[in-house]
Amino acid sequence: MKKIVLLLFLLFPFVSCDFVTISTKDEVVEQQQGSYKVVSVKDGDTIGVLIDGKEERVRFNHIDCPEKAQPFGKKAKQFVSDKCYGDNVTLEGKGKRDQYGRIIAEVILSDGTNLNKELVKNGLAWHYKTYSKDKEYAELENAARGKKIGIWSQSNPTPPWEWRKKRK
C-alpha cells in the first residue's frame, strides 16, 4: 500500500503539469483565433473590442466612413452598432496600428461577413484609396455609386478626409 501511495505521489505532479499544458495551449489557440467582444462603437469605422480584458480601439482597414456630423455619419455608426455591438468579431489584419494607436483591421462578423465591405456595399463608406489599393473595395464602391445608395444618393458628397481638413 505504501508503494501505491508513493507512486501516486510521484505521478501527481506530472498529471498536474499535463493539465496546465493543455490549458495553456487552449488559451493560445483562443487568442490566435482572434474572436473579440465589441464593447463600443465610436463611429462608422472605429469600434472598441476587449482584448485581454482591456478595451482596444479598432480602425476599419480599407475604408473611411462619413464623420458623425456629416450626412450619413450617424447612419454608418448605427449600421455598425446593429451589426456587431455586444457580439464577438474576428479581426483580420497585419497587426499594424495607426497614428492614434488604433489597430487597423478588417472586422469579420460571427457569420463570416466582412463588415468593412458591407459598409462600402451599402453606400456608407468610401474606399480609402490613399491607404488601400484593394480592387474589391473599389468595385464595391463603384457598384454603390451606380445604385446611388447611401452617400452616393447625394449630388456631391464630401469625402471625410476633405471634410476633416476643413474642420481644422
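Worth pointing out:
- Note on segment 33-167: percent of Cα-Cα distances in each 5 Å bin, starting at 0 and stopping at the bin with the largest distance, equals 2, 11, 21, 25, 20, 13, 6, 2, 0, 0.
- Relative contact order (%) - criterion: Cα under 8 Å, at least six apart; region: segment 99-154: 29 percent
- Protection proxy ranking, peptides 50-56, 69-75, 90-96, average beta carbon neighbours within 10 Å, highest first: 69-75, 90-96, 50-56
- Counted by neighbouring Cβ atoms within 10 Å, the residues R57, R102 run from fewest to most as R57, R102.
- Among beta bridges that DSSP assigns inside segment 31-168, antiparallel share in %, nearest 5: 85 percent
- Relative contact order of segment 33-167, defined on C-alpha pairs under 8 angstrom at six or more residues apart (%): 23 percent
- Cβ-defined net charge surrounding K117, 9 Å radius [Lys, Arg +1; Asp, Glu -1]: -2
- Considering all different alpha carbon pairs of segment 90-168, the Kirkwood hydrodynamic radius works out to 13.9 Å.
- Pairs from K42/K135; K135/K166; K77/K147 whose Cα-Cα separation, in the structure shown, is over 24 Å: K42/K135; K135/K166
The numbers here are math on the coordinates, done by the rules we state, and not lab data. These numbers were taken from a predicted model, which means no experiment stands behind them. So basically every Cβ, Gly included, is an ideal-geometry build from the backbone, and we count neighbours across all protein chains shown.
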